[in-house]
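The values are calculated or read from the model by the stated rules, or taken from the named source; none is laboratory data. Note that this is a predicted model, so its numbers are computed, not measured. Ideal geometry is used to build each Cβ from the backbone, glycine not excepted, and the neighbour counts take in all protein chains shown. For accessibility, only protein heavy atoms count, side chains too; no ligands or nucleic acids. Shrake-Rupley method; radii C 1.70, N 1.55, O 1.52, S 1.80 Å.
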Amino acid sequence: MSRTWDSPAGWVAAVRDAGFRTAHWPLDDDADAGEIAAYAGAAAQADIVVAEVGAWSNPLSPDDATRAAAVELCKRRLALADEVGARCCVNLAGTLADTWDGPHPDNLSRDTFALIVDSVREIVDAVQPRRTYYTLEPMPWSLPDSVDSYLALLEAIERPRFAVHLDPVNLINSPAKFYDNAGLVRDCVARLGPHIRSVHAKDIVLGPELTVHLAEVRPGLGSLDYRVLLTEMDRLDPDTPLLVEHLPGEEEYRAAVAHIRAVADALELTV
């Protein structure tokens, strides 16, 4: 849930009081250099890992002005992530739809794959980050939509500072993946693990209505196998963040975190 902060100390205290060791970058894009330095310094001093800086936009927009503005935003946010030492800058690859994140019949085409390669290269090459990575959150109807398509992008983009943002729920786009989500998570970590910079924590249910209805829910209310997710994440870099998102209020976030911690405790894992 998005919040504003009156000081770096207040932000650090909130993160610590919740028992967290990582957090989203807390400032908006219009923060001045002094604020950025103060919050980055406070995070470093408190040993808080800045998990990610969002660059939420559509670098593949069919509208020229929207597309150009999105690419420039991604460059600014990647530069910010590098400045503050975030683990990654994250965005969607983009869509050819009129909305910034919606489905389109050409989203999974070879031509769109090539557009993604070009846009990511442009962003990374312009910034040349040294401390962070540019990553793409997977989507059920846009590339990358699978382990295979993410590996193909890593190979085609061929930039050391392009890496992986993992959102297992977004990769569940069929009943087969829903029912074998444990296998999907294991495959993600087995083949993408060295590249994973951050992970989003959600949950998912499959409804009884025809034809297929997959819906995002709070962690603990769906069928994502958190025992497997946490076990597999234990194989990753110990600083890999796990971030709960998309919930309507503090109570829901507390319940989600409590569920994840209960699973971790049962497995004798630290999160």
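Evaluation of Ala93 against the conditions (1) open to solvent by 10 Å² or more (accessible area, probe 1.4 Å); (2) among the aliphatic types (A, V, I, L, M); (3) in a loop (DSSP other than H, G, I, E, B) shows that the sole unmet condition is (1). Taken over segment 7-54, the residue count meeting the criterion of being under 21 Å from Tyr133 (Cβ atoms) and among the polar types (S, T, N, Q) is 1.
Annotation note: of Arg77, Arg121, the sole residue that is under 30 Å from Ala14 (Cα atoms), touching a residue at least 12 places away in the same chain (Cβ under 8 Å) and not small (Gly, Ala, Ser) is Arg77. Can you name the residue in segment 109-146 that is among the small types (Gly, Ala, Ser) and part of a loop (DSSP other than H, G, I, E, B) and, of all such residues, is farthest from Ile204 (Cα to Cα)? Ranking the qualifying residues of segment 109-146, first place goes to Ser109. Give the residues of segment 35-83 that are open to solvent by 20 Å² or more (accessible area, probe 1.4 Å), closer than 17 Å to Leu136 by Cβ and not in a helix (DSSP H, G or I), sorted by residue number. Trp56 - this is the single residue of segment 35-83 that is open to solvent by 20 Å² or more (accessible area, probe 1.4 Å), closer than 17 Å to Leu136 by Cβ and not in a helix (DSSP H, G or I). So is Val164 buried (at least 22 other Cβ atoms within 10 Å of the Cβ) and part of a helix (DSSP H, G or I) or not? Taking the combined requirement at face value, the residue does not satisfy it. Taken together, Ser109, Ser119 contain a single residue that is surrounded by 15 or more Cβ atoms within 10 Å (Cβ to Cβ) and of a type in the set (S, T, N, Q), which is Ser119.
The listed residues are Leu154, Leu184, Leu192, and the only one of them that is among the hydrophobic types (A, V, I, L, M, F, W, C), open to solvent by less than 60 Å² (accessible area, probe 1.4 Å), within 13 Å of Leu224 (Cα to Cα) and assigned to a helix (DSSP H, G or I) turns out to be Leu184. A Cβ distance below 8 Å, combined with a sequence gap of six or more or placement on separate chains, defines the contacts here; from segment 180-191, residues that are within 9 Å of Val147 (Cα to Cα) reach no residue that is hydroxyl-bearing (Ser, Thr, Tyr).
Scanning segment 195-211 for residues that are under 11 Å from Leu236 (Cα atoms) and touching a Lys or Arg at 6+ places or on another chain (Cβ under 9 Å), we see that the one that is least open to solvent (accessible area, probe 1.4 Å) is Ser198.
For segment 222-240, does any single residue satisfy the condition of being in contact (Cβ under 8 Å) with a residue 24 or more places away in the chain, small (Gly, Ala, Ser), part of a helix (DSSP H, G or I) and farther than 24 Å from Val49 by Cβ? No, there is no match, as no residue in segment 222-240 is in contact (Cβ under 8 Å) with a residue 24 or more places away in the chain, small (Gly, Ala, Ser), part of a helix (DSSP H, G or I) and farther than 24 Å from Val49 by Cβ. Checked against the criterion of being without any contact (Cβ under 8 Å) to a residue 24 or more places away in the chain, acidic (Asp, Glu) and assigned to a loop (DSSP other than H, G, I, E, B), the candidates Asp29, Asp106 yield just one match: Asp106.
State all residues of segment 1-30 that are over 13 Å from Ala81 (Cα atoms), within 23 Å of the chain's Cα centre (by Cα), loosely packed, with under 15 Cβ neighbours inside 10 Å and not polar (S, T, N, Q); if no residue qualifies, say none. Of everything in segment 1-30, those that are over 13 Å from Ala81 (Cα atoms), within 23 Å of the chain's Cα centre (by Cα), loosely packed, with under 15 Cβ neighbours inside 10 Å and not polar (S, T, N, Q) turn out to be Met1, Arg3, Ala14, Arg16, Ala18, Gly19, Asp30.
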